[in-house]
Amino acid sequence: VAAYTGQPAHTPTLIAAADAARERKPAAYDRAMQSIAAAADALAVALAEGDAQAALAAIAAGAEALAELDALTDSSLWLPAHTTIARRARAWGGAAKPAGAAGGDLAACAFIGEDVAQDFARDLQARGITTFRVAPDAGVARSAD
């Protein structure tokens with residue numbers, strides 16, 4: 001499931017904020033980027049091994065790493081809507097993280113089981129958050145309102 005935060009992201013602004021953070025706090029920036037890379041590597045391994053629980057843990061770790069980077073950049077990589085989406089995903093047994101060209105505008109949400117994903121999407125829609133179904137066999141379609 002993809003969820004729209006309602007706030008468009010401006011990639012050049014987010015990249016400039018990350019570049020400025022790298023200049024101001026290089027060690028903290030490097031730690032955040034290493035955490036992001038480690039989460040991505042863990043997700044790749046989990047997917048290759050077919051380990052759904054490890055994949056959810058890797059997505060959650062990636063979310064934490066992006067929140068860490070956001071705190072350094074004082075930008076909008078992580079929005080209040082991401083907090084809501086991530087909390088609701090956890091409540092449904094899944095994980096969510098900012099997604100998109102530079103983060104900010106979307107959240108990628110993963111679950112074990114299509115029924116859970118659909119229930120989560122309905123939960124977000126009831127909260128006024130637009131969702132899209134994303135699946136290898138279905139492409140992308142706006143979730144029913």
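Figures for the structure shown
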item	result
For the chain, accessible area per residue (1.4 Å probe, heavy atoms of protein chains only), Å²	54
By accessible area with a 1.4 Å probe, ligands and nucleic acids excluded, highest first: order of V116, V45	V45, V116
Listed residue (I112, A58, T131) projecting farthest to the positive dipole end of the chain, Cβ model	T131
Charge sum, other residues only, whose C-beta stays under 14 Å from L14's C-beta, Lys/Arg counted +1 and Asp/Glu -1	-3
0 to 90° range, to nearest 10: angle between helix 80-91 axis and the chain longest Cα axis	50
Tensor-based shape of the chain (alpha-carbon gyration tensor, a/c under 1.5 rounded, otherwise prolate or oblate)	oblate
Value of [θ]222 nm, deg cm²/dmol, for the chain, DSSP H segments ≥ 4, -39500 (n - 2.57) each, nearest 500	-19500 deg cm²/dmol
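The values are calculated or read from the model by the stated rules, or taken from the named source; none is laboratory data. Not measured: the values here are computed from a predicted model. FYI the Cβ positions are ideal-geometry reconstructions off the backbone, even for glycines, and counts take in every protein chain you see. Surface accessibility is based on the protein's heavy atoms, side chains included, excluding ligands, DNA and RNA. Shrake-Rupley method; radii C 1.70, N 1.55, O 1.52, S 1.80 Å.
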